[in-house]
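Peer 1: Just passing along the structure, written as structure tokens.
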Amino acid sequence: MSQAPVRLVREGQKPDPMRFGFTVRKLEQIKAGDKQKWVYDEHTRGLAMLTLPSGFKTFYFAGRMNGRYRRVKIGPFPGTTIENARKAAVRELNKVVEGRNPADERKRSRVACDTFGDLCKLWLDDWKGAKGVKRTIEEDRRRIDKHLESWKSRRMDAIDRDKVRRLHRKIGEKAPYEANRLLKLIGAMYRKAIREERITGPNPASEIDAHPEQTRQGNHLDARELPAFIAALDADAEVSQTASDALWTLLLTAQRRSNALAMAWADVDLDRETWTIARTKRGKPHTVPLVGKVLEIVKRRHDDPKRHDIYVFPSRITIATTAHFSDPIPALKRVLKAASVKRRFTPHDLRRTWATWAHGAGVQDSTIKEALDHSRKGDITFGVYSNVSIDTLREAFKATEQAMLAAKGGE
């Protein structure tokens, strides 16, 4: 029996298609825009890559099978190499030539989520090999382990809206912000599983009102609190050296928690005394000069013969794996208590503390903005005509640290 003809996606069939020989450099140069972008490999029929407005990039096999346009996901870039993506595309193409439908076969091969633990595994494992694709995956893992561990053995039909609502209400009694983030995470997990047809609806996290949230005025450590905080932070190293070093880094580099805790040796250049964050909230690389105490911390940890192969601040529990330290809250609470700081204070407030002290040290607002890696959207003058050099940033970090340590007594 003759097979229906296969017609693969060709240039001109999609809006503004691009076709070229895939290389790592060329794919990395594709910038995210307001709309999704498709590009096609001229060396392998059917191999395409999708770039989303968020910057996420994924390989697909794309083609027309029996007259219907279909796509089969291969894997994220750069977690999936171009060579492996080409091999996968050839396998899918062979299926089409044989009259089989790769999309339908993939759909039939999907494993259903029978328990809530299966759902958690689907959510967490989907990002394996996709370094940098989902910046909050470690935070998701922390929330799942902390709040949802007892649910993992339950069947999916045992989790209903009432259970989710009760959990949300219970956590919200003490931590409404955390409860809302968990509710959002559960909803996203279910939407993914439903979209991939691993489960059937409904989504038990839908139609649950979030706890009211007020925009907080940013806290910072003032001249009365900072000396006691620094003394307590030094003392807390006896409890956990990694936590103490991580909190020092948050305080003195002013970088976002997710970036600072995931600092990798591959991103540190001790010769130039810099740390490059490959992908920040703005979606672009950001270089931070390492000065003073943070430079000492990084060098000490680098010279430690037992240092972790990947991360500067590895997870204490899973030091033999690829996990990094992800929860500074317990250590921060210990330090705040020892320093007699009784008001609500978060790791992000350490970032605000640096900005406040930098301003007091005479650092220009444009330099502070660049140091914090804040968005320049709408700031035409700063974004187009002005750039802050790494040397200017280095001096800003030095001046701010000196002002902070001087408050402690000139250390």
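The values are calculated or read from the model by the stated rules, or taken from the named source; none is laboratory data. Fair warning: this is a prediction, and the values are worked out from it, not measured in the lab. Counting neighbours? That spans all protein chains shown, and the Cβs are built from the backbone with ideal geometry, glycine included. Accessible surface areas use protein heavy atoms only, side chains included; no ligands, DNA or RNA. Shrake-Rupley method; radii C 1.70, N 1.55, O 1.52, S 1.80 Å.
Peer 1: Packing-wise, with mean Cβ within 10 Å as the measure, how do 247-256, 24-33, 114-123 rank, highest first?
Peer 2: 247-256, 114-123, 24-33
Peer 1: Would you please put 355-361, 165-171 in order of how densely packed they are, using the mean number of other Cβ atoms within 10 angstrom per residue and starting with the highest?
Peer 2: Descending packing order for the listed peptides: 355-361, 165-171.
Peer 1: Using the heavy atoms of the protein chains and a 1.4 angstrom probe, tell me the accessible area per residue for the range 284-376 in square angstrom.
Peer 2: Value for the range 284-376: 53 Å² per residue.
Peer 1: Which length gain, in nm to one decimal place, applies between ASP391 and GLU238 when the Cα-Cα distance is subtracted from 0.36 nm times their residue separation?
Peer 2: 51.6 nm
Peer 1: Need one number: nm distance between label points at LYS299 and LYS184, each 7 Å from Cα along Cα→Cβ, rounded to one decimal.
Peer 2: Here the answer is 4.0 nm between the modelled labels.
Peer 1: For the range 209-283, with every protein chain kept in place, what is the accessible area per residue (1.4 Å probe, Å²)?
Peer 2: 47
Peer 1: Between LYS35 and ARG195, what's the calculated FRET efficiency when r is the beta-carbon distance and R0 is 25 Å? Round to 0.05.
Peer 2: Calculated transfer efficiency: 0.75.
Peer 1: Residue-wise, which Karplus ³J(HN,Hα) couplings in Hz belong to the range 143-160, taking 6.51 cos²θ - 1.76 cosθ + 1.60, θ = phi - 60°, and x for glycine or proline?
Peer 2: Those phi angles translate into 5, 5, 5, 7, 10, 10, 4, 5, 8, 4, 7, 7, 5, 4, 6, 8, 9, 10 Hz.
Peer 1: A follow-up question, please. Spin-label point model (7 Å from Cα, Cβ direction): what's the LYS337 to GLU28 distance in nm?
Peer 2: Here the answer is 4.6 nm between the modelled labels.
Peer 1: Set the Förster distance to 56 Å, then compute FRET efficiency between GLU149 and GLU273 from the Cβ-Cβ distance, nearest 0.05.
Peer 2: Given R0 = 56 Å and the Cβ-Cβ separation, E is 0.85.
Peer 1: By the scheme Lys and Arg +1, Asp and Glu -1, what is the net charge of all other residues having a beta-carbon under 13 Å from that of HIS211?
Peer 2: Neighbour charge sum, excluding HIS211 itself: +2.
Peer 1: Let's test the formula: R0 of 30 Å, r as the Cβ-Cβ distance of LEU52 and PHE20. What FRET efficiency results, to the nearest 0.05?
Peer 2: FRET efficiency, LEU52 to PHE20: 0.95.
Peer 1: How much net charge surrounds ARG334 when only the other residues with a Cβ under 13 Å from the Cβ of ARG334 are counted, with Lys and Arg +1 and Asp and Glu -1?
Peer 2: -2
Peer 1: Past the 22 Å Cα-Cα mark, which pairs from LYS281/LYS333; LYS57/LYS281; LYS146/LYS174?
Peer 2: The answer is LYS281/LYS333.
Peer 1: Would you please put 265-276, 341-352 in order of how densely packed they are, using the mean number of other Cβ atoms within 10 angstrom per residue and starting with the highest?
Peer 2: Highest mean packing first, the order is 341-352, 265-276.
Peer 1: So, one more: Can you send over the carbon and sulfur percentage of the accessible area for the range 153-310, probe radius 1.4 Å, protein chains only?
Peer 2: 46
Peer 1: Let me ask something additional. For the residue pair ARG161 and THR346, what label-to-label distance in nm results when each label sits 7 Å from Cα along the Cα-to-beta-carbon direction?
Peer 2: Taking the two extended label points, one gets 2.8 nm.
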